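The values are calculated or read from the model by the stated rules, or taken from the named source; none is laboratory data. Keep in mind that this is a model prediction, so the values were computed, not measured. Reconstructed Cβ throughout: ideal geometry from the backbone, glycine too, with neighbour counts over all protein chains shown. Surface areas here come from the heavy atoms of the whole protein model, side chains and all, with no ligands, DNA or RNA. Shrake-Rupley method; radii C 1.70, N 1.55, O 1.52, S 1.80 Å.
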Amino acid sequence: MNVNEIIKETERELGKLLGTGSKTALPTAVLPVSHSGLSLGPSAELRGKGMNLTVPGKLEHSLLDPGISREKINAECKLAAEYRVANVVVSPYYVECAANILGSTDVAVCSAAGFPHGAASQTAKSAELRECIRKGAAEMDVALNVLAIKSGEIDIARRELQEMLQIARGKCLIKAIYEQSLYSDEEKKAVLSLIRDCGCDFVKISNALSGKKAEEADVIFVRSIVGGKVGIKIDGGVKTLQRALELFNSGADRIGLTATIGVAKEALGTG
C-alpha cells in the first residue's frame, strides 16, 4: 500500500470502530488531549486500530536550514504533501515557492517574522508579516521583542504583538515564539501571560538558541500558564515516533522538526 491507501484503510477501520461507517475522516488531532494539561490519550483499542496515523497531521516540517536550495524546497514540499503533514516551515524567501507547490493541498505554508530575537523595527516586522501572508503563508511563527522583554519593557512587546495579530486576523494563524532559554522564571510567566492575553493561536516553545531538547515538563509548564485556548507547538531534537507521542501526551498540539518524514513513515508503518 502507498501512503494514501494506508490512510484510507485506517479511516475505514476507525469508522467501523466508532460506528460511523466507512466515510469517517481521519481526525486531524494526534491524540485527544485536555488543554488542562492532563492527557486523555487514546484508548488501547483505538491505538490498536492505527491512531498513530493521525500523527503526520500534527508535524511541522522545518526547512529553515540556511543552506537549503530551491530544488530541495520543491522536493521536500512534495514529500510533505504526500505524507499530509500540518505544514512546511520555510524562510520568507521561499514562501511563494512553497505556496505554489502546496496551494492545492491540505498542507499549509508557515514562515517566520522577526526571527529569532524580534529586535527589528516594528515597521520591518509588520512588513515581513504582510509580505509572507500575501505570498501564501497561512501560519506565521512571530518572534517577540526579546530585547524589550529583557529590559522590563513588556508593554512594548505587547503593542508589537497586538499589531501583528491585527495584521494577521482572518488571514493566517499566529504562533508567538517563546524562546524559553532567554528568560528568568519571572519573565517566563510574564511572556506566557502576554501570549495568552493577546489571543495568539499558538505559543511556540522554541529551543533554537539553546539547543535544548524538547521536554514534557516544558509543555506542562506552558499549559499551566496559557490555559486551554492557546495551542502549543514545541521543537527541539524530536527524531522518533515514540518521542513525538510522549510530547503529544504531555499536552503539545504540534511538533516542529526536521526528521518529519522519518517520524511520519514510522507512524504510518512504512518506515
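Considering every residue within region 90-99, establish whether at least one is open to solvent by less than 50 Å² (accessible area, probe 1.4 Å), part of a helix (DSSP H, G or I), farther than 14 Å from C172 by Cα and touching an Asp or Glu at 6+ places or on another chain (Cβ under 8 Å).
yes
Checking the condition out of contact with any helix residue (DSSP H, G or I) (no Cβ under 9 Å at 6 or more places or on another chain) and either open to solvent by less than 10 Å² (accessible area, probe 1.4 Å) or small (G, A, S) (or both), which residue from G269, G256 passes?
Answer to the check: G256.
Against the definition (of a type in the set (D, E, K, R) and at pLDDT 95 or above), how does K213 come out, yes or no?
No.
Does F202 fit the bill of being of a type outside the set (G, A, S), within 24 Å of L63 (Cβ to Cβ) and within 15 Å of the chain's Cα centre (by Cα)?
yes
When region 100-134 is examined, which residues are found to be out of contact with any Asp or Glu (no Cβ under 6 Å at 6 or more places or on another chain), of a type in the set (A, V, I, L, M) and either touching a residue at least 12 places away in the same chain (Cβ under 8 Å) or open to solvent by 60 Å² or more (accessible area, probe 1.4 Å) (or both)?
I101, L102, V107, V109, A119, L129, I133 - these are the residues of region 100-134 that are out of contact with any Asp or Glu (no Cβ under 6 Å at 6 or more places or on another chain), of a type in the set (A, V, I, L, M) and either touching a residue at least 12 places away in the same chain (Cβ under 8 Å) or open to solvent by 60 Å² or more (accessible area, probe 1.4 Å) (or both).
Here is a list: S22, S34. Which entry is more than 22 Å from the chain's Cα centre (by Cα) and either modelled with pLDDT of 50 or more or small (G, A, S) (or both)?
Step by step, each of S22, S34 is checked, and only S22 is more than 22 Å from the chain's Cα centre (by Cα) and either modelled with pLDDT of 50 or more or small (G, A, S) (or both).
Name the single residue that is surrounded by the fewest Cβ atoms within 10 Å (Cβ to Cβ) among those in region 135-176 being in contact with a Ser or Thr (Cβ under 7 Å, 6 or more places away or on another chain) and not in a loop (DSSP other than H, G, I, E, B).
Taking the candidates together, the pick is E163.
Tell me whether region 142-151 contains one or more residues that are modelled with pLDDT under 95 and basic (K, R).
No.
Please give the number of the condition I73 fails out of (1) under 21 Å from F202 (Cα atoms); (2) open to solvent by less than 30 Å² (accessible area, probe 1.4 Å).
(1)
Need the failing condition index for L245 against (1) over 15 Å from the mean Cα position of the chain (by Cα); (2) open to solvent by 10 Å² or more (accessible area, probe 1.4 Å); (3) aliphatic (A, V, I, L, M), just the number.
(1)
Considering each of S69, S62 in turn, give the residue that is at pLDDT 95 or above, touching a strand residue (DSSP E or B) at 6+ places or on another chain (Cβ under 9 Å) and among the hydroxyl-bearing types (S, T, Y).
Within the list S69, S62, the selection yields S62.
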